[in-house]
Each structure stands twice: as structure tokens, then as C-alpha cells.
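**Q** Dropping a structure here in C-alpha cells format, bear with me for questions.
Read the figures in this text as sums done on the coordinates, not as results from a lab. What you see is a predicted model; the values in this text were computed from it and never measured. We place every Cβ from the backbone using ideal geometry, glycine too, and count neighbours over all the protein chains shown.
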Amino acid sequence: MTNDMPEDNDLIREFQSGDEKSFDKLVEKHLQNVFGFFLKITSDKMTAEDLAQDVFMKLYKNLRNFRHESSFSTYLFRINTNTANSWITRNKWKNILHLDQAPERGELDRSTDKEWERKELWDGISRLPKKQRTVVMLRISDDLSYKEISEITGISVGSAKVNYHHAIKRLKGILDND
Amino acid sequence: MIDFENRIIGMMHSESSGPDAASFIAKLRGRQEKEMMRNNRLRSGFSAFAFIFLVGMLTTSQFVELPKQDIYWSEVDSNIEYFDTDFLTFDQGYDTISDEEFTLFMIEETNIWDTEDLIYFNELYENTNVYEVSL
């Protein structure tokens with residue numbers, strides 16, 4: 001996560017003054033990152049695009065009240081994480097069902113095998129407690145530092161480390177048992 | 001543990017390109033318009049409901065108790081209760097009012113039973129007077 005370019009804050013201020021085009025520029029600038037974040041979680045382009053739309057809808061509604069107390073990228077990541085958490089919770093059981101419908105292991109198609117592993121992984125992540133799930137998502141999908149994770153989630157750096165450690169241990173247990 | 005971490009980070013790797021920004025923004029605008037229309041519909045619906053509710057409350061508040069019928073003869077400070085059917089308890093002041101006038105009034109006010117009582121007792125009174133006089 002890089003420091004905010006002055007451009008982001010300028011665009012936000014222009015949008016807050018009533019310039020809708022500034023919001024479009026903001027979307028163009030951050031679309032790939034947001035889409036990529038959700039694509040890693042969902043493994044489905046359409047779902048990732050829908051979730052990205054949800055994020056920018058929330059941003060549009062709330063950006064007028066943005067007070068520049070935190071950086072814009074932190075704010076955006078927070079929205080991403082909350083949206084991802086909601087999606088994972090909503091689709092918890094659906095995800096388990098997808099596992100049941102996945103092709104049998106042992107086929108020679110390596111992409112299917114990889115897809116199976118990803119579904120197992122996200123099924124395991126969906127079973128984690130919310131804090132651990134959030135920390136793991138941010139760490140493994142965007143490779144954020146513990147400091148950045150603590151800024152986004154509002155927990156301490158130490159707590160982020162502990163939650164990550166517990167989450168990985170738990171995931172290892174889940175995936176090894178399956 | 002690090003191997004496991006690297007393994008799951010490797011699973012996250014995705015090479016897919018993102019959606020086209022222009023079409024994404026167009027879809028976003030469409031969604032915003034839809035939501036704005038939905039909010040406007042909700043607001044209109046709520047305003048209409050509030051208006052109907054208010055009108056209903058104002059209307060029902062008009063259904064108050066019917067005012068008691070004015071006692072036309074009570075302008076004068078008197079102990080006489082003209083709509084009391086027990087005419088025998090009338091005060092002496094009753095005698096100063098013309099019976100015919102009062103009977104007519106009672107008929108006009110459609111107090112038929114009270115009028116009949118009045119006529120009956122008036123005749124009784126006159127007969128009593130005649131009788132006493134004869135004594």
C-alpha cells in the first residue's frame with residue numbers, strides 16, 4: 001500500500017465540491033486494485049466485478065463525509081474488507097456446496113486441482129473468526145504489512161500478528177484434515 | 001509454517017485483467033440512478049402515507065361528542081328544568097309561563113312524550129283548580 005498521492009485527496013475534495021467527474025477518475029485509478037482483491041477471494045470475474053461495484057457504490061454515498069483523518073487507501077481497504085467479509089458470510093454454505101459439486105480429485109487436469117485447493121482454502125477462511133479472517137485476507141491477498149493491517153482494521157500491530165498466526169495454524173489444521 | 005504460507009499465497013495469484021473502466025463506470029452510474037429512483041419512490045410513498053395519516057387523524061378528531069342541545073329557556077337564571085319529564089316537581093315560576101306557549105314549544109321541539117305529559121298534567125292541574133274552587 002503506497003502513501004496517498006496528493007491526487008487522491010484533490011480528487012476527493014473536488015468531488016466533495018460537487019464535481020462528479022472527479023469520482024470517475026478515482027474509480028479509474030483504483031478499479032484494478034479493488035477488482036484484483038475480490039478476484040483473489042471469489043475466483044470469479046463476474047462476482048468480483050459485482051463486489052467492486054458494491055464498494056464504489058458505498059464510496060459514492062460516503063465520500064462526501066470523508067474527513068481525511070486517515071489515508072484514502074486505508075479507507076478504501078476498510079470498505080473492501082467489510083464487503084468481502086459480508087460476501088464470505090453470505091456464501092458460507094454456498095461455498096461448502098461448491099466443494100461438494102467440485103470434480104473428483106485425482107483427475108489429471110492441474111487447473112481443476114488448483115481450483116479445488118483454492119475453494120478448500122476459502123472455505124477454510126470462511127470458517128475463521130471474523131478478526132482472523134480479515135487479517136488473513138489482507139495479508140495473503142494484498143501482502144500488506146502488519147502496520148498497514150492494524151491501520152485498516154483498527155487493531156494493534158501485535159494483535160494483528162497474533163490473529164494472523166492463529167489463523168494460519170487453524171487453516172493448516174483445516175486443510176490438512178480435508 | 002512458512003511453506004504453508006507461501007503455498008496459500010501462491011494460490012492467490014491471479015493473472016486476470018480487470019474490467020474496462022468506461023463500461024464499469026457506466027454500469028455504476030446506471031446502478032446509482034436505479035437506487036436514486038428507488039429512494040425517491042420510497043420517499044414519495046412515505047410522504048403520501050404521512051399525508052393520508054394526517055388527514056385521517058384530523059378528520060377523526062372532528063368526531064367529537066355532539067354538543068348538548070341548547071336549553072333555549074335557560075337564558076334566564078332559573079331553577080326550572082324544562083326537559084325534566086317530572087312536571088310535578090316544577091318550581092312556582094312555571095306558573096308565570098303560558099301553558100299554550102310552552103306546549104307549542106314542546107311540540108316544535110318534537111318532545112312528543114313530554115308534551116303529552118305536559119298536556120295531561122296541565123289538564124290535571126286545571127281540574128284540580130276547578131275542584132278546589134268548587135270546594
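**Q** For labels at A:Arg64 and B:Ala50 in the simple 7 Å Cα→Cβ model, what's the distance in nm?
**A** Output for this residue pair reads 1.8 nm.
**Q** Test of understanding: ordering A:Leu121, B:Leu54 by Cβ neighbours within 10 Å, fewest first, what list do you get?
**A** Final ranking by Cβ density, sparse to dense: B:Leu54, A:Leu121.
**Q** For B:Arg7, A:Arg133, B:Arg38, A:Arg118, what ranking results if the residue with the fewest other Cβ atoms within 10 Å of its Cβ goes first?
**A** Ascending Cβ contact count within 10 Å gives the list B:Arg38, B:Arg7, A:Arg118, A:Arg133.
**Q** A further question follows. Sorted from largest down, what three extents in whole angstroms do the Cα atoms of region A:29-85 have along their principal axes?
**A** On the principal axes, region A:29-85 reaches 34, 23, 17 Å in Cα extent.
**Q** Sticking with this structure for a sec: Pairs to check: A:Lys45/A:Lys119; A:Lys45/B:Lys27; A:Lys131/B:Lys34. Give those whose C-alpha atoms are more than 26 Å from each other in this structure.
**A** Beyond 26 Å: A:Lys131/B:Lys34.
**Q** Given 0.36 nm per residue, what is the gain on full extension from B:Arg43 to B:Ala22 after removing their alpha carbon distance, in nm?
**A** Between B:Arg43 and B:Ala22, full extension yields 4.4 nm more.
**Q** In what order do A:Ile41, B:Ile119, B:Ile2 fall by count of nearby beta-carbon atoms within 10 Å, going from fewest to most?
**A** With the sparsest Cβ surroundings first, the list reads B:Ile2, B:Ile119, A:Ile41.
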